[in-house]
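Shown next, in structure tokens, is the structure this report addresses.
Taken together, the values in this text are just the output of simple stated rules run on the coordinates, not laboratory data. What you are looking at is a predicted structure, and each value in this text was computed from that prediction instead of being measured. Cβ: placed from backbone, ideal geometry, glycine included. Neighbour counts: every protein chain shown.
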Amino acid sequence: MKERILTGDRITGKLHLGHYVGSLKNRVELQTQYETYLLLADVQALTTHFEQPDLIQENLRQVALDYLSAGIDPDQATIFIQSLIPEIAELTIYFSMFVTVNSLRHNPTIKAEATERGYQEMYYGFLGYPVQAADITFCKATLVPVGEDQVPHIEQTRKIVRRFNQLYKPVLVEPKPLVGDVPRLVGLDGNHKMSKSLGNAIYLDSTREEVSEKIKKATTDPARIHKTDLGHPEICPVYAYHKVFRKDGSDEIYESCKKGQIGCMECKRSISQSVNDLLEPMRERRSLYKNDPKKVGEMLMSGTEKARQVAKETMQEIREAMSMNYF
């Protein structure tokens, strides 16, 4: 049997280029080598969007389309909906019995997101969502493709698995994180990572015109006023995109910028073309699936049913290990 991959996204909005290079690209490349499970994490989305459940319903469809447009093959990978797997919720409760509040408070991802959102107090669900290591462990995944900011969650999961196996029986598997070639893609503003909540992202469903317009407005080297000014490409987000999406020509761009031989607008036009070349086949696949919503719905139901069967089997082992198989 193939080893299993489990990964997914909190469905708080559409996916962007940072998601693609950080994790989604890896998922597409590995789906033929591993038995792949992709989680549409609607319950986790409620940790920050519990007052807007209608948005989560729309985002679920959009993220599913993002997966399919990026190249996820529903015949190779199982895409499923978190809230429709009650065994995940049950296992989360069991894990929460031996995870300390202190360890959750010190989770770097939780701390960073709480600061970003300006939370003075943290809701129980928000603080505790790393305990939903059940998302990963229910299918005994060995590998988790994630962005750099999610690595602390995987380490928390590994600790939970070790603790469970020590307390009861060695039933669960310790997963390893797999970070993409670009762990953190800078946002269009140049000050933060590319992020939905910060409004500095290029989304995977962007039109050619939207890509060009967003990159045209992107922050560049503030010291460059004229084309002939000597540049500092190492601090320019547009040059960062050249390194990621136009590798073959990035060294030439670097030297030309340093010597004041290329203007920022020319540089932006060049990378806009490269990003659009990447997104064009995604647009074509997205259009096919978007025009057949019934097919997408059936795919999600089928994937969820398959994931639930796996969850039931794992929970039977969990209950036996915890001496909770009463009858």
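Distance from the Cα centroid of the range 267-327 to that of the range 195-224 is 27 Å (rounded to whole angstrom).
Please tell me the relative contact order of the range 193-248 in percent, rounded to the nearest whole number, where contacts are Cα pairs under 8 Å and at least six residues apart. Walk me through the numbers before you get to the answer.
Working: 27 pairs, mean separation 12.2, N = 56.
Relative contact order for the range 193-248 comes out at 22 percent.
The Kirkwood hydrodynamic radius of the range 149-271, based on inverse pair distances between different Cα atoms, is 17.0 Å. Between ARG269 and ARG285, the simple spin-label model (points 7 angstrom out along Cα→Cβ) gives 3.1 nm. Annotation: lysines with alpha-carbon distance below 24 angstrom to LYS227 (same-chain offsets under eight excluded): LYS214, LYS216, LYS217, LYS243, LYS247, LYS258, LYS259, LYS268. Computed from Cα positions, the angle between helix 53-70 and the longest principal axis of the chain comes to roughly 70 degrees. Modelled this way, with points 7 Å down the Cα-to-C-beta line, the labels at GLU252 and LYS294 are 5.0 nm from one another. In terms of the Cα gyration tensor, with a ≥ b ≥ c the square roots of its eigenvalues, is the chain rounded because a/c is under 1.5, prolate because a/b exceeds b/c, or oblate? Cα axes put the chain in the prolate bin. The label point for THR32 and the one for ARG208, both projected 7 Å from the Cα toward the Cβ, are 2.9 nm apart. Of the peptides 286-294, 151-159, 242-250, 130-138, the order by per-residue mean of other Cβ atoms within 10 Å, starting with the highest, comes out as 130-138, 151-159, 242-250, 286-294. When the square roots of the Cα gyration tensor eigenvalues are ordered a ≥ b ≥ c, the ratio a/c for the range 49-170 is 1.5 or more and a/b does not exceed b/c, which makes its shape oblate.
Explain nothing, just the number: relative contact order of the chain, from Cα pairs under 8 Å at least 6 residues apart, as a whole percent. Don't skip to the end; give the middle numbers.
Working: 495 pairs, mean separation 74.3, N = 327.
Relative CO of the chain lands at 23 percent.
Rounded to the nearest 10 degrees, the angle from helix 151-167 to the longest Cα principal axis of the chain is 20 degrees.
For the chain, the longest principal axis of the C-alpha atoms and the axis of helix 247-258 are separated by about 50°.
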